[in-house]
Structures are given as structure tokens and as C-alpha cells.
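The values are calculated or read from the model by the stated rules, or taken from the named source; none is laboratory data. Small disclaimer: the values here were computed from a predicted structure and weren't measured. Here the Cβ positions follow ideal geometry from the backbone for every residue, glycine too, while neighbour counts run over all protein chains shown. For the accessible areas, the whole protein counts, side chains as well, though only heavy atoms, and no ligand, DNA or RNA atoms are used. Shrake-Rupley method; radii C 1.70, N 1.55, O 1.52, S 1.80 Å.
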Amino acid sequence: MPLFKYFKRAKWQFSIVIALTVINSGFSTLAGIASANALTQVTKLHAQLFFIWVTIMAAAYVMYAIFTYLISVNQTKLKQQIDLLIRQDVAQKLSQSDYQSFHQQTTATYASWLTNDINTINEFGVNDLMMIVQQISEILLGAVTLAYFQVSLLATVVILTTIMAVVPNLFSKWLSKRSLELSHAQERLVNKINDVLNGFNTLFLVNLPQVIVKRINQGSADVQKNAVDYVKAAGFTQAFTNCIAYLSQVIVLAQSGYLILRHLTPVGTISGAQYFAGTIFAELSGISFNWQEFKSLKPIMDKLANIKTTTQPDQKQEISAKQIQIENLSYTYKEKRQPILDNLNLTIAEGKKYLLLGDSAAGKSTLLNIIRGLLKNYTGTIKLGGIDYAKISDTQLHQIISYVEQTPYIFTASLKWNLTLGQKVAPAKLKQVITACGIEQIIAHLPAGINTILANQGTNLSGGQKQRIALARALLRDTPVYLFDEATSSLDKVASISLEKLILTQKNKTIVLVTHHLQKETADLFDENIVLNK
Ligand SMILES: Nc1ncnc2c1ncn2[C@@H]1O[C@H](COP(=O)(O)OP(=O)(O)OP(=O)(O)O)[C@@H](O)[C@H]1O
């Protein structure tokens, strides 16, 4: 089970919890022994011994309560550590995905993995394993104590234990299946919630806000059904094992009664046998159920462990010339029958400025997405500085090519962070780019200036302001090649001309710019047009 590796990585916290649990089981066993001995002493009318055992019993219970508290604190530390390690691994894997692997799932699905699935792992994994540890120690100590009362009782317990250990395995596949189905239903719910909430403005403006309620209700009903199905499977497994456990207790009670009647054991045995048989079988039924529940996590753990990462080509050679050579390039989206790009041949020379033109849906963005290395399943070849794209890693490509999109993503972070993406930038350079991109006007209206947090993905910014930020972000990266995909479309004419001039006068930079609004003031700054038509 992949979860074990996390217990190994959190071995200190895990060891502390185990040690505390075993000690605590010792206290509960001591309380049981004291109770049985107190009963024996009272039947013999030994007052002093009776009170000694009662005092021991009370002390054992007090210690039990104290250790239960310590266990709960340390278990929480362990759980949080395991959550942290799993999240760290998932985040690490996602950071190593390429564009296409990452987008095989929605971000809402990933959010569900990092929240719902982690909660499930906590509940069914960490909790259950901790309970199993406690149950095993109580069973072992209970069995030893029963043998101390009467060895034949231990023999009966061993036989009944074996039966109880085997039976629940019959239900394990059923439980795993239900657990995975529940996890998928939770993913669907998070996706639905994200989808309708992101579409709030659209629904609000067409008087359809009820769609939000309806779609969330559908998702909730889906989760509800799967949660109930899971509990039915889990409940049946538990009820079945409980039933065997209760019957086993009765058998041990009957056996001790018989032994007392035959004067083979003291009267206190009835209390001890009842206490320890009760503990052993209750814990056993708990163990077999918890173990099944623990195992039912395997598909979820496998899902998280199998997040696709991409092995990047190991290109050590420096990519010197920045010419991009495209030969016989064709691209067809999986969902479409016709190729969007068909046998395209093109050379993008170093330092030149290109205007990429074409009807709507002609494939301009698709071409830029291929050049910037997002779409890889094309046919034909693309070379950067004479080196085939297949031999260039994403990291190397992104060191050379920057892309500025029409609707840039704004992080819930300060304006400065949004410009630098947390990288160190010389203050003079930052100031120069801020001035060139007209960001001073934005800063002037923000309460904490450049350090103002841009909330909710920049909803308090205009489309044009976001585009200015994206342009500045790209210029700060200072790469040799820039691709602009309608990057100034939300700005007014004067601002867009000014920013396009800024872009097209970047010395020694290769520029490919897509625009639907070619301005006569900038037309002369292009060296060549690339025309794509359907
Ligand atoms: N992820 C995708 N999956 C399937 N089809 C897609 C995808 N992205 C784009 N397309 C399709 O590919 C075609 C070209 O789209 P693309 O965005 O490249 O065109 P464009 O020339 O940039 O269009 P516009 O000028 O309208 O922005 C369109 O028919 C579009 O529906």
C-alpha cells in the first residue's frame, strides 16, 4: 500500500503515537485485571486487598485518560505531517507535468484530489491505521491476560479470532470499488461547483441564477448516492464482523461460567473473561473493518501516485541562433476531423518582426501554441537554432520564447509579484518596464501602490490593465523571442498603438504578433506578414 511510505517518512511522529498507544493499552489492561481481582477478593471477603485493587483500577483509568489526550494531540501532528507530505508529492508531480498531461484533468479535479481525497486518506488511512495499532496492542495484552486467568480461554479466543480475520476479506473488493466511485463523485461535484460559479456573471445577466442551484444540487445528489452506497458496503461489512464478535463474546462467557462452576478457576475470572473477551472481539471486529477500509484507499493512493510527469530531453548544447524553422507542419485536434494547420512551411528569422494574419479560427493561436511548446502532437518538424524541438526541454524553450496572451492570468498576490512572478529583478529595470508599459497609472490608483494585493484573480482590474501587466511581465523576462496573441486587444487605440510600437521596436528581439486590428501607425514596423487561411 503506497500510504505506508508516508508513515515511513513521518517515522518520528508515527513512533511516538505507537509508543503512547501501546502504553495506553497497558493501562486499560491493568484496569481490567484490577477489576477481576477486586471481584475475586470481594467474594473472599478480603477488604484490604479489595480496596488495593480498586485503587489500582482507579489509577489505571486516570493514566488511561491522560494518555488518550496525549495520543490525540500526537495523532493530529502525524496526520498533518502525512497530509503535508502527500500534498507536497502531488504538487511536485503536477509541477513536472507538461501542458497536455496537466490539462488531461481540470483544475477542479486536482483541487478535489488535494482536499477531498486527502480528507478521505486522513479518515480511512491514518485514523484507521492508528486504530489498528491500538487494537492490536489491546488484543495482544488481552490474550495474555486471558491465558493468565485460564489457558483454555486463550485457545477458544485464537480459534474465533482466526474466523474473524478471514471473513471480512470477502468484502474487500466491494469496499475498494465503492471508495473509488465516491472519490470520482466528489471530483465531479467540485468541477460542477467551479463551472457554475465561474459562470456566475453569464447566468446572472440572463436571469438564470437558478442554474447554479440546480447544477450544484445535481452534483450533491451524485455525491450523496455514492456516499450512501459506500456506507452500505462499509456498514454491511462492519455489521457482519460485529455479529461474529458478539457471538464470540457469548461463547467465551459461557466457557468461563462452565470453568467456575467446575471450580477450575476463581470467580473473578467471569469479570476478567467478560472484560477481555469483550475487548478482544470488539477490537478484532474493529480491526478487520478498519483494515478493509484502509485497503479501500489503494485506488486513491494509486491515482495520486500515477500522476503523469514528463521526462524532458536532456539537451546540454546551448541553443545559439534563435531562428525558428517550420517544415511540413500539420496539426489536427483530437476532436476534429480536418487539420487546422496543413503542411505549413515557415522560417521565423532572428530579430525580425512578423505580423501573423488569418481569418478567425484559421489556426493562429494553435500555431503559437505549437511554437511555444504547449502542443506537441503535431506532424512535421520545428527547429530552434537548428535543433529539433523534440530534443529541447520545455525549460530551455521557455528561456528563449515568451508568450503574451489576450486574457492573462492574474494571481491573487501583489502587483509587484504579478510582474516579477516572485523572481529577483533589478529595481532600475523594473522601473523602466513599469514606465514603458504604462503601469504607473495603475499603481497610482492602488491603495498600497505596487504592493497592493490584486484580489480574486484581478477582478478589480480592467482587461486593458491586465494586458499591460502581462506585457510588462513578459518584457521583464527578457527572452530573445516573443509571441503576442492579440495581447493589446482590450486597450484603446492610442494605448494599443503605443504598446505595439514598444513591442515592435525591441532591438534584436524576434516578434510574432497576432492582431485583428492592424493599425496604420505600426504597419511599417513589421518586416513580414505570415498569412494563415482556412
Ligand atoms: N483545445 C482545442 N480543442 C479542439 N479544437 C480547438 C482547440 N483550440 C482551438 N480549436 C479549434 O481550432 C480552430 C483554430 O483555433 P485557433 O484558436 O487556433 O484560431 P485563431 O486563428 O487563433 O482564431 P481567432 O482569430 O478567432 O482567435 C478553431 O476551429 C477552434 O475551434
In this structure, is Gly125 in contact with a Gly (Cβ under 8 Å, 6 or more places away or on another chain), within 30 Å of Ser25 (Cβ to Cβ) and not basic (Lys, Arg)? no
Among the candidates Leu154, Leu170, Leu140, Leu205, single out the residue that is buried (at least 16 other Cβ atoms within 10 Å of the Cβ) and of a type outside the set (S, T, N, Q). Leu154
Being of a type in the set (Asp, Glu) and within 16 Å of the ligand (Cβ to nearest atom), is that true of even one residue in the stretch 474-488? yes
The lone condition Ala444 fails out of (1) within 30 Å of Gln96 (Cβ to Cβ); (2) among the small types (Gly, Ala, Ser); (3) out of contact with any Pro (no Cβ under 9 Å at 6 or more places or on another chain) is (1)
Looking at (1) at positive phi; (2) part of a loop (DSSP other than H, G, I, E, B), which is the one condition that is false for Pro447? (1)
Taking the stated definitions as given, is Gln255 of a type outside the set (A, V, I, L, M, F, W, C) and either outside any helix (DSSP H, G or I) or modelled with pLDDT under 85 (or both)? no
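Conditions (1) assigned to a helix (DSSP H, G or I); (2) open to solvent by less than 80 Å² (accessible area, probe 1.4 Å), marked per residue:
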position	(1), (2)
Ala472	yes, yes
Ser490	no, yes
Ser496	yes, yes
Lys501	yes, no
First in the stretch 350-370 and assigned by TED's automatic domain parsing to the domain that holds Lys507, second anywhere and in a strand (DSSP E or B) and near the ligand (Cβ under 6 Å from one of its atoms), Cβ under 7 Å, 6 or more apart: Lys364/Gly358
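Given the criteria farther than 14 Å from Tyr331 by Cβ, in contact with a Phe, Trp or Tyr (Cβ under 9 Å, 6 or more places away or on another chain) and open to solvent by 40 Å² or more (accessible area, probe 1.4 Å), does Lys391 qualify?
no
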Would you pick out the residues in the stretch 507-524 that are more than 16 Å from the ligand (Cβ to nearest atom) and surrounded by 17 or more Cβ atoms within 10 Å (Cβ to Cβ)? Lys509, Thr510, Ile511, Thr522
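Given the criteria more than 9 Å from the ligand (Cβ to nearest atom) and within 12 Å of Leu384 (Cβ to Cβ), does Gln323 qualify?
yes
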For Ile280, work out the one condition from (1) in a helix (DSSP H, G or I); (2) open to solvent by 20 Å² or more (accessible area, probe 1.4 Å); (3) in contact with a helix residue (DSSP H, G or I) (Cβ under 7 Å, 6 or more places away or on another chain) it doesn't fulfil. (2)
Picking from Asn226, Asn194, the residue that is surrounded by fewer than 18 Cβ atoms within 10 Å (Cβ to Cβ), at negative phi and part of a helix (DSSP H, G or I) would be Asn194
Which residue is modelled with the lowest pLDDT, if the candidates are limited to the stretch 400-412 and must be away from the ligand (no atom under 16 Å from the Cβ) and open to solvent by 20 Å² or more (accessible area, probe 1.4 Å)? Thr412
Just checking, which of Leu397, Leu375, Leu357 is more than 35 Å from the chain's Cα centre (by Cα) and modelled with pLDDT under 95? Leu357
